[in-house]
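Have a look at the structure below, then the notes.
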Amino acid sequence: LLLNLAYPEIMGLDLLRMIKIDPVSKDIPVLALSGWEAWERAYEAVREGASDYVTHPFNIQDLLNKIGLLCH
């Protein structure tokens, strides 16, 4: 799951917490996306259960590599 941490209606970290407490979705790998100026949020996302993070603007190959790692 690619999760942008800056949604206008709900904060991405709140959504991540909801995903990780739900027994149906808790084991789904989450790749958090965060703006480079908000990298602290990305670290917090990993503490809250995200598998990894990418700050944007990001290199598309780096993003695809991280997705590939999470899918195996």
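Identify all residues within the stretch 20-46 that are in contact with a strand residue (DSSP E or B) (Cβ under 8 Å, 6 or more places away or on another chain) and of a type in the set (A, V, I, L, M); write none if there are none.
Within the stretch 20-46, Val30, Leu31, Ala32, Leu33, Ala38, Ala42, Ala45, Val46 meet the criteria.
I'd like the full set of residues that are more than 18 Å from Tyr7 (Cα to Cα) and open to solvent by 60 Å² or more (accessible area, probe 1.4 Å), limited to the stretch 23-50.
Pro23, Val24, Lys26, Asp27, Ile28, Arg47
Which of the residues that make up the stretch 1-18 are assigned to a helix (DSSP H, G or I), of a type in the set (A, V, I, L, M, F, W, C) and exposed (fewer than 13 other Cβ atoms within 10 Å of the Cβ)? Give the derivation first.
Applying the first criterion (assigned to a helix (DSSP H, G or I)) to the stretch 1-18 yields 12-18.
After this cut, where a residue has to be of a type in the set (A, V, I, L, M, F, W, C) as well, the list is 13, 15-16, 18.
Hit for the stretch 1-18 is Met18, nothing else.
Listed here are the residues, each with its yes/no results for (1) of a type outside the set (Gly, Ala, Ser); (2) touching a residue at least 60 places away in the same chain (Cβ under 8 Å); (3) outside any loop (DSSP other than H, G, I, E, B).
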{"residue": "Lys20", "(1), (2), (3)": "yes, no, yes"}
{"residue": "Ser25", "(1), (2), (3)": "no, no, no"}
{"residue": "Ile28", "(1), (2), (3)": "yes, no, no"}
{"residue": "Trp39", "(1), (2), (3)": "yes, no, yes"}
{"residue": "Asp62", "(1), (2), (3)": "yes, no, yes"}
{"residue": "Asn65", "(1), (2), (3)": "yes, no, yes"}
{"residue": "Gly68", "(1), (2), (3)": "no, no, yes"}
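Inspect the stretch 41-58 for any residue being outside any loop (DSSP other than H, G, I, E, B), more than 11 Å from the chain's Cα centre (by Cα) and aliphatic (A, V, I, L, M) and give the result as yes or no.
no
Could you list all residues from the stretch 1-56 that are within 19 Å of Leu70 (Cβ to Cβ) and β-branched (Val, Ile, Thr)?
Those that are within 19 Å of Leu70 (Cβ to Cβ) and β-branched (Val, Ile, Thr): Ile19, Val24, Ile28, Val30, Val46, Val54, Thr55.
The values are calculated or read from the model by the stated rules, or taken from the named source; none is laboratory data. Since we're looking at a predicted model, the values are computed, not measured. Here Cβ is always computed from backbone atoms with ideal geometry, including for glycine, and neighbour counts include all displayed protein chains. Surface areas here come from the heavy atoms of the whole protein model, side chains and all, with no ligands, DNA or RNA. Shrake-Rupley method; radii C 1.70, N 1.55, O 1.52, S 1.80 Å.
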